[in-house]
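No lab work stands behind these numbers, since they all come straight from the coordinates. The structure presented is a predicted model; accordingly, all values stated were derived computationally and were not measured. No Cβ is skipped: glycine too gets one built from the backbone with ideal geometry, and neighbour counts run over all protein chains shown.
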Number of protein chains: 2
Amino acid sequence: MSETVTYADVEAAARRIEGVAHRTPVATSRTLDERLGAKVFFKCENLQRMGAFKMRGAYNAIAQLTPEERRRGVVAYSSGNHAQAIALASRLLETSATIVMPRDAPAAKREGAEGYGARVVAYDPASESREAIAAALHRESGGTLIPPFDHPHVIAGQGTAARELFEEVGRLDVLITPCGGGGLLSGSALSAHALSPGCRVIGVEPEAGDDGVRSFRSGTLQTVHNPRTIADGARTASLGQITFPLIRELVSDMTTVSDAQIVEAMRFLWERMKLVVEPTGALGLAALMSGRVPFEKGARIGIVLSGGNVDLGAAAALFTARGLQ
Amino acid sequence: MSETVTYADVEAAARRIEGVAHRTPVATSRTLDERLGAKVFFKCENLQRMGAFKMRGAYNAIAQLTPEERRRGVVAYSSGNHAQAIALASRLLETSATIVMPRDAPAAKREGAEGYGARVVAYDPASESREAIAAALHRESGGTLIPPFDHPHVIAGQGTAARELFEEVGRLDVLITPCGGGGLLSGSALSAHALSPGCRVIGVEPEAGDDGVRSFRSGTLQTVHNPRTIADGARTASLGQITFPLIRELVSDMTTVSDAQIVEAMRFLWERMKLVVEPTGALGLAALMSGRVPFEKGARIGIVLSGGNVDLGAAAALFTARGLQ
């Protein structure tokens, strides 16, 4: 397995996921365009199968396993969208999935993965390491570990969302995506570079989890552990060994937004655009609405709404006085 | 102005609103289809301009005013989606709109209409009649009153949503729409009758506002005043003089659902389909999920999600323990 990823890999991934992952719609808002003086195109990965772009990378990775590897199954550690994606992709590709999740993960997340037929192994995050457990499971079963972002096939799969966006709307001046471990950001940048030369690609992190911004600026991989932010998909400790160099090479800039700015963007998406988008999924719009992304009047701007998996009760709290404490 | 409406009027309305109203997308859910053993197509009028199908009828009616009538402006009474629709359609057609709203209408509704440039006249629902005020405004200004449903041009406009659905997905076995005053239901039935002969058309009301069901069954127009239901778009006192005969002729059946069943359908739409749909908009799915609409295995079922205008705080309360009291 090569550790580099090119746009040709994104194209191959697009063929692999065709007819399996949704070709998600592109949404626009006249209100937003008038307010900003720009033309904004939202790639609705919240409407992707299992509710997030993660389906693309997971399927692309598992689809490339050998028959023998598929027979032994796959292993992943995640309490978020990657878990659901691995579970669903495994079911579709008729392999077995084991997901390592913290014992205190929300029941809905556990049930989501189990609903797609995965086996969930709970661990105690206070005393056990999920990496060690996943490695032990790998040794026991010989199952293939599919990491959440730092894997060429995962990155190539994630790049297919931006590829579809460019195919549908053409050239863009700016493309903004959320950034956790950088799988979506680096994959998107590969597509932008190939399909819309000159398009500035911007990655957005929550303020509390700004390791990516600091890594991007300093050139050295920085880490943040368990940042306190509502953007649970971007709590990743650091960029990866594969995603970091790609981001340094292909991404124009990175920026951060506060949780309050995320809620403001979510409110616009829910209230005006009628789209349920999770906090991490709203990072791109939050950056744009709060002026963190410079653009020229009339600019064509793409935003990846990365996911929509959110507990309605928790989201409700964000929109009311009980919101951000 | 003729008091009858035919499918030819729906076709003419479709040409009139083309390029102005959105041709809204059709959403599907594998999860729902597997659960029900059917193929369900959702017409997403929550994604319509101003957030509801009402845009179609309002625009179709105002577009047919003479230049002299447009000069004098239009008058409407509504605290809901019809107000926003009249306000937006008036702005687009360069006429002035006066909306009569109860003094205690939510500020967001008033601001919504004003945001589109309408003049809002507040009245005290305890001591004044909105019809009398609207009539007085009509006498003063000569403005044309556009009623929320009982008007041939409004009905014809509302029928264009179902027309687009049939154009996109072809024949259906069942078409389910919410029913307040019956504008959407009768317009949809005209399209179903013309484009998918044999398709059963079902209207759904909240239990507390079951005047339409009783009218449909008895053949005599029944009324319900201020029914207590979360489906604020279906609190209409009765069907209309034009909609009632159309519904009697073209609709196969009508049914009701409880507020709890509406919340269950909303939860599915928000949580699984990532679509913000208001309580009235969820009536159709609520009826289907609660077994109120019989269908054969493998049936092709259309549902009109009529709107998405909801206060996020109020909706949040529905999804949490503070929900239905």
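At most 10 other Cβ atoms within 10 Å and a DSSP loop assignment: could you name the GluC sites (Glu not before Pro) in segment B:169-275 that fit?
Values: sites: B:207, B:249, B:264, B:271; in loops: none.
Nothing satisfies the criteria.
Determine the relative contact order of segment B:55-145: mean sequence separation of Cα pairs under 8 Å and six or more apart, normalised by residue count, in whole percent.
On the way: 153 pairs, mean separation 28.7, N = 91.
Across segment B:55-145, relative contact order equals 32 percent.
Taking the label point as lying 7 angstrom from Cα along the Cα-to-Cβ axis, what are the distances from residue A:297 to the corresponding position in the remaining copies, in ascending order and in nanometres?
List, nearest first: 6.4 nm.
Can you list residues whose amide H is under 5 Å from residue A:278's amide H, if they're 5+ apart or on another chain and H is modeled 1.01 Å from N?
Here the answer is A:307, A:308, A:309, since their amide H atoms fall under 5 Å of that of residue A:278.
Each label point is 7 Å from the Cα along the Cα-to-Cβ direction; what then is the distance between the points at residue B:68 and residue B:237, in nm?
3.2 nm
Amide H neighbours of residue B:121 under 5 Å, counting only residues 5+ apart in sequence or on other chains, H built in-plane at 1.01 Å?
Long-range HN contacts for residue B:121: B:99, B:100, B:101.
Using the 10 angstrom Cβ neighbour count as an exposure proxy, how do B:151, A:225 rank, fewest first? Intermediate values should be presented prior to the final figure.
Numbers: B:151 23, A:225 9.
Least to most surrounded, the residues fall as A:225, B:151.
Using a 7 Å offset from Cα along Cα-Cβ at residue B:139, what residues in segment B:99-118 end up with backbone N under 19 Å from the label point?
Hits in segment B:99-118 for residue B:139 at 19 Å: B:99-101.
Taking the rotation that carries A onto B, look along its axis and tell me which residue of A has the beta carbon nearest to it, distance in whole angstrom.
In chain A, the Cβ lying nearest the symmetry axis toward B is A:316, 1.
Under unit Cβ charges (Lys, Arg +1; Asp, Glu -1), what dipole magnitude, rounded to 20 debye, does chain B have relative to its Cα centre? Before the final figure, lay out each step's value.
Values: 35 positive and 35 negative charges, 98 e Å.
In total the dipole reaches around 460 debye.
Place the label 7 angstrom along Cα→C-beta at residue A:106 and in each other copy, then list the distances from the first to the rest in nm, shortest first.
2.3
Let me confirm one metric for peptide B:304-314, namely the mean number of other chain beta-carbon atoms within 10 Å of its residues' beta-carbons.
On the way: counts 0, 1, 0, 1, 6, 3, 3, 2, 9, 5, 2.
If you average over the peptide's residues, the count of other-chain Cβ atoms is 3.
Please compute, over every Cα-Cα pair in the protein assembly as shown, the percentage with a separation greater than 34 angstrom. Spell out each step's value before the answer.
Values: 97111 of 210925 pairs.
Counting every Cα pair in the protein assembly as shown, those more than 34 Å apart make up 46 percent.
Ranked highest first by the average count of other Cβ atoms within 10 Å around their residues, in what order do B:300-306, B:97-103 fall?
On the way: B:300-306: 28.0, B:97-103: 23.0.
Top of the packing list down: B:300-306, B:97-103.
Can you run the Rg to Rh ratio on chain A? Use alpha carbon positions and the Kirkwood inverse-distance Rh. Spell out each step's value before the answer.
On the way: Rg = 18.4 Å, Rh = 19.5 Å.
Radius of gyration relative to Kirkwood radius: 0.95.
In deg cm²/dmol, rounded to 500, what helix-only [θ] at 222 nm does the protein assembly as shown give when every DSSP H run of at least 4 residues adds -39500 (n - 2.57) and the total is split over its residues?
Numbers: 28 runs with 274 residues, N = 650.
About -12500 deg cm²/dmol.
Find every distance from the label point of residue B:258 to the corresponding label point in the other copies (7 Å from Cα along Cα→Cβ) and write them in nm, one decimal, shortest first.
Counterpart label points of residue B:258 in the remaining copies fall at 4.4 nm.
For segment A:19-77, what are the per-bin percents of Cα-Cα distances with bins 5 Å wide, up to the bin holding the maximum?
4, 16, 17, 15, 13, 11, 8, 5, 5, 3, 2, 0
Using only atoms on other chains, find how many Cβ atoms lie within 10 Å of each Cβ of peptide B:44-53 and report the average.
Working: counts 2, 1, 3, 5, 1, 2, 0, 4, 0, 0.
Mean shielding count: 2.
How much net charge surrounds residue B:85 when only the other residues with a Cβ under 13 Å from the Cβ of residue B:85 are counted, with Lys and Arg +1 and Asp and Glu -1?
Numbers: positive: B:49, B:54, B:56, B:91, B:109; negative: B:45.
For residues surrounding residue B:85, the net value is +4.
Whose amide H sits under 5 Å from the amide H of residue A:41, counting only residues 5 or more places off or on another chain, with H placed in the peptide plane?
A:301, A:302, A:303
Excluding residues on the same chain fewer than 8 positions from residue B:109, give the lysines whose Cα lies under 26 Å from its Cα.
A:274, B:43, B:54, B:274
Residue A:94 label point, 7 Å along Cα→Cβ, cut-off 13 Å on backbone N: hits in segment A:64-87?
A:67-68, A:70-71
Can you tell me how segment A:55-145 classifies by the Cα gyration tensor, rounded, prolate or oblate, using a/c under 1.5 as the rounded cut? Each step should come with its number before you reach the end.
On the way: a/c = 2.15, a/b = 1.31, b/c = 1.64.
Oblate shape, in that a/c is at least 1.5 and b/c is the bigger or equal ratio.
Using the Cβ atoms and a cut-off under 11 Å, what net charge is assigned to the surroundings of residue A:260, where Lys and Arg are +1 and Asp and Glu are -1? Intermediate results must be reported in sequence, preceding the final value.
Details: positive: A:267; negative: A:207, A:259, A:264.
Net charge around residue A:260: -2.
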